[in-house]
1. Counting helices only, and only those DSSP H runs with n ≥ 4, report the 222 nm mean residue ellipticity of chain A as the sum of -39,500 (n - 2.57) divided by its residues, in deg cm²/dmol to the nearest 500.
2. Bin all alpha-carbon pair distances of region B:54-166 at 5 Å intervals from 0 and give each bin's fraction as a whole percent.
3. For the protein assembly as shown, with only Lys/Arg (+1) and Asp/Glu (-1) charged at the beta-carbon, what is the dipole magnitude about the Cα centre, in debye rounded to 20?
4. Can you tell me the relative contact order of region A:291-465? Whole percent, Cα pairs under 8 Å, sequence separation 6 or more.
5. How many times 2.2 N^0.38 Å is the alpha carbon radius of gyration of region A:36-193?
6. Taking a cut-off of 28 Å between Cα atoms, list the lysines near A:Lys177, but don't count ones fewer than 8 places away on the same chain.
7. For region B:74-123, what relative contact order do you get, as a whole percent, if you take Cα pairs closer than 8 Å and at least 6 residues apart?
8. Inverting the mean 1/r over all pairs of different Cα atoms, compute the Kirkwood radius of chain A and quote it in Å.
Amino acid sequence: MEKPQTIIDKIWQRHIVDQEPDKPDLLYIDLHLVHEVTSPQAFEGLRMKGRKVRRPDRTYATMDHNVPTIHRHVIKDQISKTQMETLKQNCEEFAIPLADIDHPDQGIVHVIGPQLGLTQPGKTIVCGDSHTSTHGAFGALAFGIGTSEVEHVLATQTIWQQKPKTLNVKVNGNLGKGVTAKDLILAIIAKHGVRFGTGYIIEYTGEAIRNLSMEGRMTICNMSIEAGARAGLISPDETTFEYLRGKRHSPQGEDFDTAVEEWCTLATDEGATYDATVEIDAEEIEPQVTWGTNPSMCIPVSESVPNPDDATTPNEKEAIERALDYMGLAPNQPISSVEIEHVFIGSCTNSRLSDLQKAAKIVHGKKVKDTVRAMVVPGSHSVKAAAEQEGLDVIFQQAGFEWRDAGCSMCLAMNDDVVPPGERCASTSNRNFEGRQGNGARTHLVSPEMAAAAAIEGRFVDVRQMDSPVLS
Amino acid sequence: MEPLRIHKGLVYPLNRTNVDTDQIIPKQFLKRIERKGFGQFLFYNWRFNDDGQPREDFSLNDKKYEGASILVAGENFGCGSSREHAPWALEDYGFKVVLAPSFADIFYNNCFKNGILPVTLKEDIIQHLIEKAEMEAYELTVNLEEQTVRDSEELQETFEISSYQKEMLLNGWDEIAVTLKQADKIDQFEQNIGK
């Protein structure tokens, strides 16, 4: 019998184009996703050397980072406008399919890949964006790359990669009511730090992961990069196959059944070993709120922000002091006492239909506190359309939320959706770095349910104690 | 890409951990479609006030670090976004070498594509270098061929680097040209997978 393998080893092995001692492996790339911010210099590089795009049919582009989410065609910033026009010209010149701002398939690149069925188990997927790890939810090997590598993949459909080590993050038991995939990944990073994944590809395993929806799995894999990991993935199963059935780019009819048979062979074999394993108990996890300026600076909503005097090293003390100063928080302050001025529900972490459904359940029939500005930015045109079909737009707007068009929006505030200096935002995005949502802006990462609850109460509350009809 | 073999230069110490690429180059400067000209925006929100005036509390603005070309920083340097604008900004500002106890891996790879050498050294050595450079004008010589870091006194440290990345940087090779020499293997692979 062959040696048991992890899904990581299987996908890696199936994509090796060239392997020599003392060199990284040359891996074939099945799908290359492209957006406006990290691609212009790559296309320019091709032009300068007279190179072609090897496989435009394995390349797919959209605009998401810069696009306005309101008054879609009023792009005040000329440089932004040029960047979007440049992508359009590049896609025309190199015959790459593009979902531009008016296209019904437009949306955040990591939302539309899965939604269109472009993301599939066993594929190697890259994009000039660190949150490419999202696609790992389908049992794909997906990772972010720099612009020079974007150029390399455009020209060769391959990439040189040193094989990372493998890390099993095993989540035992099940998440409690009102505790989400977002809380789980934040709790994992809070426990193990922002670089425990550096040098590794993570496979998430265990009962809690198996019981997550595809959307929940995407939220988990999305934030693998916040743990420093090259990629994060989950072995495919029935949940994966059901999600992909009937998607536009999924295999159709009998081909789908054949594909499922093949996808089933990808899952990690019984008895396969990893270079490292960490385990976490899902039952212990509470709704989480970040208090600081990186995603590991995170506590359960029932707790208080740390005191620098309790730090174990001078570096840690200094980092806590800097973070508290930036965030305008006092040592030992209960996180539930922190008042917020903004709520952002969106981003490649949490802007899918089920995220919006869960947030809508919390706000239904209630009002956003009058000191809070709250907005919902669906992850794609089609998420928006599906949400409107269910009347979620009405629920949000009646509660006082703004209902926007699809894009990355306030996750990184490259467009006009900015948090002003010194103001505080409960955000469903993935990074609470200094200045991420605007110069001087203070970001607290939370789940969509927790963000919705914060919008109503004007501060962080335990969503499990909200008077709400359904919490699942 | 410019080859890099030996570099001698003034050290700028940045005694912070987890310096993310949002700090190295904030998002408002990612809209440009060029590769050049990002140095003026390096560490922008730390370097400048809202009115664009240099901040006195950020040491890179200190005259004594003018012309620094070697950056020494805390662990997990370059974490976060994959933006290659981060090494573009460092390179355009004049940095050729970055030393840290650890790097985020996308940033680490991006450096090599832009003629910047990222060097990993033990945390206590990095702390020592930071303290030296905070006290006085401190120069280091980084020799990629020998994989050493030296000062003018007794300090001499060796560092690890993959032979592939070392060779790329020593020669300033165009990686795409190297790969395209294997085009027949890529053709073969595509034939094997049948698409």
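Only the coordinates and a few stated rules stand behind these numbers; no lab work does. These figures come from a predicted structure and were not determined experimentally. Quick reminder, even Gly has a Cβ in these numbers, built from the backbone with ideal geometry, and neighbours come from all protein chains shown.
1. Helix-only estimate at 222 nm: -9000 deg cm²/dmol.
2. 2, 11, 22, 25, 22, 13, 4, 1, 0
3. Charge dipole of the protein assembly as shown: 1300 debye, to the nearest 20.
4. Across region A:291-465, relative contact order equals 28 percent.
5. 1.19
6. A:Lys191, A:Lys358, A:Lys361, A:Lys366, A:Lys367, A:Lys369, A:Lys384
7. 45 percent.
8. By the Kirkwood definition, the hydrodynamic radius is 22.5 Å.
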